[in-house]
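Report on the structure given below.
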Amino acid sequence: MNAPRIAWVGSMTSSLTRVVASAMEPVKQWYSGLQAREQFLVSRGAVAAIALLLVGGLLQLHAAVSKAQAAVVRKQDDLAYIISHLGELQGANGTSPDLSSPLASIVERTANDSGLGEQLKSNQPEGDNSLRVKFEGASFDSLVLWVSSLQQEQGIQVQSATFDRAAVGTVVATLVLARQ
């Protein structure tokens, strides 16, 4: 099955090489017709144009990365602010926390309900009423909303949290959650 595919790729490569070579032929003829001084100027101009294109591309890439990093920092700051003020908001929606279910069950159920079930990679007890959970590749925004609902609806607080950037908009997060 791989042999026909390799042959196809090989034939496409040789076809592409022929097309490029035939397109370059008039350029080569034009270049060879120039005087030595003109060839020098054209070759230096081509090098300068390529360098400018590379620098321009790198600058755009750097700007995009900087913008994404700034967005992650803003969202991390937002999460820290939300976590620090959720105690004030707890119970504001009038629902009472589920005290009969184990903490791990509540975390798994609510993570699944929030669309984070597949990103929840582990949960380990940390003492009597605490649980360490790890998410990989989770949407930062979804994680913030999930933490908010845990605190408001279940009375579960975040004792500590660490976030590492994964892909754009996603994080690897480790949270220690505890019941009040």
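The values are calculated or read from the model by the stated rules, or taken from the named source; none is laboratory data. Remember, it's a predicted structure, so these values are computed and weren't measured experimentally. Backbone-built Cβ (ideal geometry, glycine too); neighbour counts: all protein chains shown. These accessible areas exclude ligands, DNA and RNA; they are computed on the full protein's heavy atoms, side chains included. Shrake-Rupley method; radii C 1.70, N 1.55, O 1.52, S 1.80 Å.
Under the definition of Cα pairs under 8 Å and six or more residues apart, what whole-number percent is the relative contact order of the chain?
18
Helix 2-32 versus the longest principal axis of the chain: what angle, 0 to 90°, nearest 10, using Cα atoms?
Once rounded, one gets 50 degrees.
In what sequence, highest mean first, do 49-58, 127-136 appear when ranked by Cβ atoms within 10 angstrom?
Sorting 49-58, 127-136 by mean packing, highest first, produces 127-136, 49-58.
Run the quick spin-label model on Ser32 and Gln76: label points 7 Å from Cα toward the beta carbon, then report their separation in nm to one decimal.
It is 5.9 nm.
Give me the distance in nm between label points sitting 7 Å out from Cα along the Cα-to-Cβ direction at Lys134 and Ala46, one decimal.
5.3
Quick one: net charge of Leu175's neighbours, Cβ under 9 Å, K/R +1, D/E -1?
+2
Would you mind getting the accessible area per residue of the range 37-180, heavy atoms of the protein chains only, 1.4 Å probe, in Å²?
Averaged over the residues of the range 37-180, the accessible area is 61 Å².
For the chain, what is the convex hull volume of its Cα atoms per residue in Å³?
197
Once the dipole of the chain is set up with Lys and Arg at +1 and Asp and Glu at -1 on Cβ about the Cα centre, which of Leu150, Leu116, Ser101 lies farthest towards its positive end?
Farthest along the dipole direction, towards plus: Leu116.
Taking all protein chains as present, what is the carbon and sulfur share of the accessible area of the range 36-180, in % to the nearest whole number, probe 1.4 Å?
56
Report the full-extension gain for the segment Glu108 to Ser11: residue separation times 0.36 nm, less the Cα-Cα distance, to one decimal in nm.
Taking 0.36 nm per residue and subtracting the Cα distance, the gain is 29.7 nm.
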